[in-house]
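The values are calculated or read from the model by the stated rules, or taken from the named source; none is laboratory data. Values in this document were obtained by computation on a predicted structure and should not be read as measured data. All Cβ positions, glycine included, derive from the backbone under ideal geometry; neighbour counts span all protein chains shown. What goes into the accessible areas is simple: the full protein's heavy atoms, side chains included, and nothing from ligands, DNA or RNA. Shrake-Rupley method; radii C 1.70, N 1.55, O 1.52, S 1.80 Å.
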Amino acid sequence: MLVVKKFGGTSVANKERIYNVANRCIKDYKEGKDVVIVLSAMGKQTDVLIDLAKDISDNPSKREMDMLLTTGEQTSVALMAMALNALGVPAVSLNAFQVAMHTTSAYSNARLKRIDTERIRHELDQRRIVVVTGFQGVNKYDDFTTLGRGGSDTTAVALAASLHADSCEIFTDVDGVYTADPRVVKNARKMKEITYDEMLDLATLGAGVLHNRSVELAKKYGVQLVVRSSLTEAEGTVVKEVVKVERMLVSGIAADKNVTRISMIGLADKPGVAFRVFDALAQANINVDMILQSIGRDNTKDISFTIPRDATDEALKVLEDNKERLTCQEIKCKDTVAKVSIVGAGMMSNPGVAAKMFECLFNSNININMISTSEIRVTVLIDETEVEKAMNAIHDAFGLED
Ligand code: ADP
Ligand code: ASP
Ligand code: MG
């Protein structure tokens, strides 16, 4: 039996927590299981490293950022292996290079392509606990890459898939997936189970409890995930294909403040203009999310869209550089907005869910900037100062509390 256990930053933030994790993993080891541990950097170490870089340069290269950030995870895995050894259990730490976790070349946002399992298998065969760095990979230039913030979850799922693990547990500082971020919505309810699709939407829409790529991979390879607390024995939430309980109209709410709205005003109202705008952004590797195009007037039209806030400077530069070619008269930018979304498979067959959400926002006197929907979600763009109010109001309106 092989188990993959992933622990996030708060779970390994100090000596006591590291020993707590070590002891938890030794329990599995002593039951005869092969144990692979995936770790994040300790506490807020990744943020500390980012601040260090910002202090040195306004515009550090992404390659050097990844070189820097990967040290966070290297520190925690080495310390964990030492703790396990100190407790009398053989263990070895491995970084992405030593395992050989191959990724695409995109620094800061790489995707895992292939994981060599030989070294890990060899270490497990020697009855060692293997402690692997999360969040990092190696590209074709033999450089370190990172998988995007929160990416250690994805490392864990990818390892579980490659090693055909019998279980993949994601240990964190909350005891499962809730109907909304329990730090924002006090009466949020823990879910026993959630489907991959619903979890994928929640994660993509800002529920930071799981990295969205990890859910995508889990679905693709059929890896059943359990999200649970590293500090208690509480049961946690199972993320899997089919959920037996009756479908809720809305299963969860998510918010995302990493958003900027850009409006391109006075574009020529002719074919190819939208293509050029979004192609320019795509070439710069910038993800565009909600898109709204106005109806034409006087042969011009406006297009508004959202991008991740941390890509604002880059996006504005690309658009300003191409302003004339894009036939744009004015570019407006608002980075004090946020997305709030409701997700639920039950929406598909129940009309009126969006209306109920809008009514609830109206009752709370919250203005909606943009709207987008899919079969199982509704997203609104609102002022970021109103996120907490909106989430609590929507949570109440749909009766998601305990
Ligand atoms: P880790 O360092 O363990 O990876 P994260 O901070 O990445 O932990 O994720 C856990 C956090 O996710 C929680 O502390 C919680 O505030 C947040 N979160 C957001 N949405 C949800 C949700 N729907 N359910 C549970 N936690 C959520
Ligand atoms: N340490 C990385 C981060 O803070 C990866 C992770 O925690 O999953 O984003
Ligand atoms: Mg995380």
Mind listing whichever residues of segment 14-32 are open to solvent by less than 40 Å² (accessible area, probe 1.4 Å) and farther than 16 Å from residue 233 by Cα? 18, 29
When (1) touching a Lys or Arg at 6+ places or on another chain (Cβ under 7 Å); (2) assigned to a loop (DSSP other than H, G, I, E, B); (3) more than 11 Å from ligand 1 (Cβ to nearest atom) are applied to residue 242, the one that fails is (1)
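Given the residues 155, 172, which is the only one that is open to solvent by less than 20 Å² (accessible area, probe 1.4 Å), within 12 Å of ligand 1 (Cβ to nearest atom), at pLDDT 95 or above and among the hydroxyl-bearing types (Ser, Thr, Tyr)? Even if it seems obvious, please write down each step before you answer.
On the way: 172 fails: open to solvent by less than 20 Å² (accessible area, probe 1.4 Å).
Checking each option against the conditions leaves just 155.
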Set 21, 3: member being in contact (Cβ under 8 Å) with a residue 12 or more places away in the chain, closer than 13 Å to residue 231 by Cβ and within 24 Å of the chain's Cα centre (by Cα): 21
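From the list 228, 183, 213, 189, pick out the single residue that is in contact with a Gly (Cβ under 6 Å, 6 or more places away or on another chain) and not hydrophobic (A, V, I, L, M, F, W, C).
Working: 183 fails: in contact with a Gly (Cβ under 6 Å, 6 or more places away or on another chain); 213 fails: in contact with a Gly (Cβ under 6 Å, 6 or more places away or on another chain); 189 fails: in contact with a Gly (Cβ under 6 Å, 6 or more places away or on another chain).
Every option except 228 fails the conditions.
In this structure, does residue 230 turn out to be within 24 Å of the chain's Cα centre (by Cα) and hydroxyl-bearing (Ser, Thr, Tyr)? Can you show your working first?
Working: within 24 Å of the chain's Cα centre (by Cα): yes; hydroxyl-bearing (Ser, Thr, Tyr): yes.
Against the criterion (within 24 Å of the chain's Cα centre (by Cα) and hydroxyl-bearing (Ser, Thr, Tyr)), residue 230 qualifies.
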Within segment 43-64, take every residue that is open to solvent by less than 50 Å² (accessible area, probe 1.4 Å) and free of Cβ contacts under 8 Å to residues at least 60 places away in the same chain and give me the one that is farthest from residue 126 (Cα to Cα). 57
Go through the residues of segment 376-385 one by one and say whether even a single one is open to solvent by 70 Å² or more (accessible area, probe 1.4 Å) and either part of a loop (DSSP other than H, G, I, E, B) or of a type in the set (S, T, N, Q) (or both). yes
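Any residue in segment 391-402 that is in a strand (DSSP E or B) and touching a residue at least 24 places away in the same chain (Cβ under 8 Å)?
First, pick out the residues of segment 391-402 that are in a strand (DSSP E or B): none.
The answer is no; no qualifying residue exists.
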Would you be able to say whether some residue in segment 213-228 is open to solvent by 10 Å² or more (accessible area, probe 1.4 Å), within 11 Å of ligand 1 (Cβ to nearest atom) and in a loop (DSSP other than H, G, I, E, B)? no
Looking at residue 127 and the list (1) open to solvent by 40 Å² or more (accessible area, probe 1.4 Å); (2) within 21 Å of residue 44 (Cβ to Cβ); (3) touching a residue at least 12 places away in the same chain (Cβ under 8 Å); (4) not polar (S, T, N, Q), which single condition is not satisfied? (2)
Give the number of residues within segment 200-234 that are out of contact with any Asp or Glu (no Cβ under 8 Å at 6 or more places or on another chain), of a type outside the set (Val, Ile, Thr) and away from ligand 3 (no atom under 16 Å from the Cβ). 5
Going through segment 190-208 in order, the residues found to be farther than 18 Å from residue 379 by Cβ and either within 16 Å of ligand 2 (Cβ to nearest atom) or without any contact (Cβ under 8 Å) to a residue 60 or more places away in the chain (or both) are 190, 192, 193, 194, 196
For segment 266-370, please list each of the strands (runs of 3 or more DSSP E) lying entirely inside it that holds at least 3 residues being farther than 30 Å from residue 197 by Cβ. 300-307, 330-334
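Residue by residue through segment 80-121, note down the ones that are small (Gly, Ala, Ser) and within 17 Å of residue 144 (Cα to Cα).
First, pick out the residues of segment 80-121 that are small (Gly, Ala, Ser): 81, 83, 86, 88, 91, 93, 96, 100, 105-106, 108, 110.
Hits for segment 80-121 are 93, 96, 100, 105, 106, 108, 110.
Being modelled with pLDDT of 95 or more, over 27 Å from the mean Cα position of the chain (by Cα) and open to solvent by 70 Å² or more (accessible area, probe 1.4 Å) is the requirement here; does residue 299 meet it? Give the steps one after another, and end with the answer.
Details: modelled with pLDDT of 95 or more: no; over 27 Å from the mean Cα position of the chain (by Cα): yes; open to solvent by 70 Å² or more (accessible area, probe 1.4 Å): yes.
Spelling it out, it is not the case that residue 299 is modelled with pLDDT of 95 or more, over 27 Å from the mean Cα position of the chain (by Cα) and open to solvent by 70 Å² or more (accessible area, probe 1.4 Å).
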